[in-house]
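Colleague: So that we are looking at the same thing, I have put the structure below in C-alpha cells.
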Amino acid sequence: MIQTTTIPQHHRLIKAVIGTLRLHCQLCPTDSVLVATSGGADSVALLRVFCTINQRRRWDLKLTVGHVQHHLRPHAAEQDAQFVENLAQNLGLPFLRRDLDLTATKGNLEANARHHRYQALGNMAHTCGARHVATAHQADDQLETLLMRLLRGTSIKG
C-alpha cells in the first residue's frame, strides 16, 4: 500500500513553491500540469507538493502524472513504472506512460535519453492538454543545472 500523506498546506516549502510557480512560471490556479514522475524521491516529492498545493483554497490544478520508461534497467525500471502508476491511482490522478526504445540511438546514451524523455513529456502534455510540464531537478546534475541557468538568462554561477 502506498502512503498518500501530504505536506501540511501551510508549510514554508509549499508557500515557496507557490510563489515560484506564480512569479517564474506564470502558473494560474486552474492550469493543467503534467507532473513528470520517475519514481525517484525527487519526482515523488514534487508530485506530492503539487497535490498539497491543490488542497489549498483557490487552487484547482488539473494534474496528470507522466512517466517515461527508458527500458535501460529492465526489471527495476518496470518496478518504478508500476510504483508511479499505483501512486497516481492512489492520488486519484490520470496517468500517462511512454515507452522509449533507445537501442538504435548513437552517441551519448544519457544525453539521448534526456532528449527523448523531454520530447515524450512534451507529447504527453499535448495529449492531456497541459500548459505546463513540471520536472524535478537534482542540484548535482551539472548539465541540467547549466541548461536551467542559461534558460533563465543568468550566469553559469547562477
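The values are calculated or read from the model by the stated rules, or taken from the named source; none is laboratory data. Predicted model, so just to flag it, every value in this text is computed and none were measured. Using ideal geometry, Cβ is built from the backbone for each residue, glycine included, and neighbour counts are taken over all protein chains shown. Note: areas computed on protein heavy atoms with side chains; ligands, DNA, RNA excluded. Shrake-Rupley method; radii C 1.70, N 1.55, O 1.52, S 1.80 Å.
Colleague: Go through (1) over 15 Å from the mean Cα position of the chain (by Cα); (2) open to solvent by less than 70 Å² (accessible area, probe 1.4 Å) one by one and return the number of the condition Gln89 breaks.
Modeller: (2) is the only condition that Gln89 fails.
Colleague: Which strands (runs of 3 or more DSSP E) sit wholly inside region 1-106 and have at least 2 residues that are without any contact (Cβ under 8 Å) to a residue 60 or more places away in the chain?
Modeller: Working: elements: 32-36, 62-69, 95-99.
Per the criteria, 62-69, 95-99.
Colleague: Sticking with this structure for a sec: So in region 92-120, with the set limited to residues that are of a type in the set (S, T, N, Q) and more than 16 Å from the chain's Cα centre (by Cα), which one is nearest to Ala45 (Cα to Cα)?
Modeller: First, the residues of region 92-120 that are of a type in the set (S, T, N, Q): 103, 105, 108, 112, 119.
Pick out the ones that are also more than 16 Å from the chain's Cα centre (by Cα) and you get 103, 105, 108, 112.
On the way: Thr103: 31, Thr105: 31, Asn108: 29, Asn112: 25 Å.
If we take residues in region 92-120 being of a type in the set (S, T, N, Q) and more than 16 Å from the chain's Cα centre (by Cα), then Asn112 is nearest to Ala45 (Cα to Cα).
Colleague: Same structure again: From (1) in contact with a helix residue (DSSP H, G or I) (Cβ under 8 Å, 6 or more places away or on another chain); (2) within 23 Å of Arg48 (Cβ to Cβ), pick out the condition that doesn't hold for His71.
Modeller: (2)
Colleague: Considering only region 100-148, state which residues are among the basic types (Lys, Arg), open to solvent by 70 Å² or more (accessible area, probe 1.4 Å) and at pLDDT below 90.
Modeller: Lys106
Colleague: Are any residues in region 57-79 of a type outside the set (A, V, I, L, M, F, W, C) and either touching a Gly at 6+ places or on another chain (Cβ under 7 Å) or open to solvent by less than 50 Å² (accessible area, probe 1.4 Å) (or both), and if so, which ones? First the steps, then the outcome.
Modeller: Applying the first criterion (of a type outside the set (A, V, I, L, M, F, W, C)) to region 57-79 yields 57-58, 60, 62, 64, 66-67, 69-71, 73-75, 78-79.
Hits for region 57-79 are Thr64, Gly66, His67, Gln69, His70.
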